[in-house]
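Chemist: First the structure, which I've put down as structure tokens, then a few questions once you've had a look.
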Amino acid sequence: MGFLARLFGKDHTEEPTKEKDIMVKVAIIYYSSTGTNYKMANWAKDAAEKEGAEVKLVKVPELAPMAAIESNPAWKAHYEATQDVPEATMDDLDWADAIIWSIPTRFGNVPGQVKQYIDQAGGLWAQGKLVNKVVSAMSSAQNPHGGQEATVLALYKTMFHWGAIVAAPGYTDPVTFESGGNPYGTSATVDGEGNIQENKLDEAIANQAKRTVTIAKAITASN
């Protein structure tokens, strides 16, 4: 029985598709200035691939001027080290069954680079091509209450407009408590030297990615 059939209590006479055998396509879209969210995105990539998903890891195009990038050695180093990572396009949104976002907070909101990228999705939205995409988000900041939750929730508001299905990690695994306790999306606290402070953050991200893939498989099976 498919996901929606189970949800509404409807049975089908045809042979159900085995969700574990379904290959779903996952776009992991990140923006990172100094590398934290790139690291988080790669942990999500590894976990999604372990669940049998076809994964694309792509970065939101950088809009900041080179003068700003070069003024921060860590930003410049990360910018140069990730030149070979493909830039995200609208085709990636269209292609994906599921999308995992990894973005830092900017004053409790999404970075301007991410907002500019999302604002280009009007054509896909108008065609209904973003409906039922399974989405999940992660974030980071320099202190424990630096806007991570607000950033994830701000991004989710756009996803609701898309008609997407939000796959937040919730408290579905003890690792959520052990890694900071954010039920909306795994979040990192980063010190001045770029070190992630949370324990088991990679495990929490793996749990979130697994949950996203599992839900995407159920949605795909129901279609």
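The values are calculated or read from the model by the stated rules, or taken from the named source; none is laboratory data. Everything quoted here is computed from the prediction, not taken from an experiment. A quick note on method: Cβ atoms are made from the backbone with ideal geometry, for glycine too, and the neighbour counts reach across all protein chains shown. For the accessible areas, the whole protein counts, side chains as well, though only heavy atoms, and no ligand, DNA or RNA atoms are used. Shrake-Rupley method; radii C 1.70, N 1.55, O 1.52, S 1.80 Å.
Chemist: Pull up the stretch 133-185, narrow it to residues that are in a helix (DSSP H, G or I), in contact with a helix residue (DSSP H, G or I) (Cβ under 9 Å, 6 or more places away or on another chain) and open to solvent by less than 20 Å² (accessible area, probe 1.4 Å), then point me to the one that is farthest from Leu93 (Cα to Cα).
Modeler: Filtering first and then ranking leaves Val175.
Chemist: Hey, another quick one. Can you tell me how many residues in the stretch 55-73 are open to solvent by 50 Å² or more (accessible area, probe 1.4 Å) and within 15 Å of the chain's Cα centre (by Cα)?
Modeler: 1
Chemist: Just give me the residues in the stretch 74-125 being touching a residue at least 60 places away in the same chain (Cβ under 8 Å) and open to solvent by 20 Å² or more (accessible area, probe 1.4 Å), in sequence order.
Modeler: Listed by number, the residues that qualify are Ala74, Trp95, Asp97, Gln113.
Chemist: Here's another thing I want to ask about it. Quick test for you: out of Gly108, Gly128, pick the one residue that is farther than 15 Å from Pro61 by Cβ and modelled with pLDDT of 95 or more.
Modeler: Exactly one residue qualifies, and that residue is Gly128.
Chemist: Next question. Does Ser102 satisfy the criteria of being among the hydroxyl-bearing types (Ser, Thr, Tyr), at pLDDT 95 or above and more than 26 Å from Leu155 (Cα to Cα)?
Modeler: no
Chemist: If you take the residues in the stretch 22-53 that are open to solvent by 50 Å² or more (accessible area, probe 1.4 Å) and in contact with a Gly (Cβ under 7 Å, 6 or more places away or on another chain), which one is modelled with the lowest pLDDT?
Modeler: Met23
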